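The values are calculated or read from the model by the stated rules, or taken from the named source; none is laboratory data. Worth saying up front: this structure is predicted, and the values here are computed from it rather than measured. Please note: Cβ atoms are built from the backbone with ideal geometry, for glycine as well, and neighbour counts cover all protein chains shown.
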Amino acid sequence: MAKAKDKAALEQRVDAAQAAAKQTSDDLKTSAKDSKDETTQWWGQVQDNWKSHIAKVRKDADEAKTNLKADRAEVRAERAEANAAAAVEFAYAALEEAEYQVLNAAMARIDAEEADAAT
């Protein structure tokens, strides 16, 4: 009984995380479409590629879940764990790039203010 409750609670968390990830991705895509900046558009393309990859991973996971047999449960779990690790690595790389972009923007602002003060 406890395992069934834990599984149901985990399924709810998975659904909520999936919906939140989709919303964030959609928001970023909309923001990238509104920008004419090449870097922002490039990030939009990265987002599209990532969404396609995630859609395939989820589709494969859903198909595997439908066809799941007891002897294949371990393989499915290992694949899901590997996909989770890849998503974390991608997120870390995105955070590193975001930090660089924030610092670069701060430098660009300082340069603009210095140029304005010089005129």
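Considering region 48-93 alone, what residues qualify as being modelled with pLDDT of 80 or more and of a type in the set (Val, Ile, Thr)? Within region 48-93, 54, 57, 75, 88 qualify.
Taking every residue in region 1-24 that is in contact (Cβ under 8 Å) with a residue 12 or more places away in the chain and within 17 Å of residue 47 (Cβ to Cβ) and pairing it with any residue that is part of a helix (DSSP H, G or I) and among the charged types (D, E, K, R), at least 6 positions away or on another chain, the pairs with Cβ-Cβ distances below 8 Å are 18/58. Out of 86, 73, one residue alone is in a helix (DSSP H, G or I), surrounded by 11 or more Cβ atoms within 10 Å (Cβ to Cβ), without any contact (Cβ under 8 Å) to a residue 12 or more places away in the chain and under 15 Å from the mean Cα position of the chain (by Cα). It is 86.
In region 111-119, the condition of being modelled with pLDDT of 80 or more and outside any helix (DSSP H, G or I) is met by at least one residue.
Checked against the criterion of being at pLDDT 80 or above and among the hydroxyl-bearing types (Ser, Thr, Tyr), region 29-47 contains not a single residue that satisfies it.
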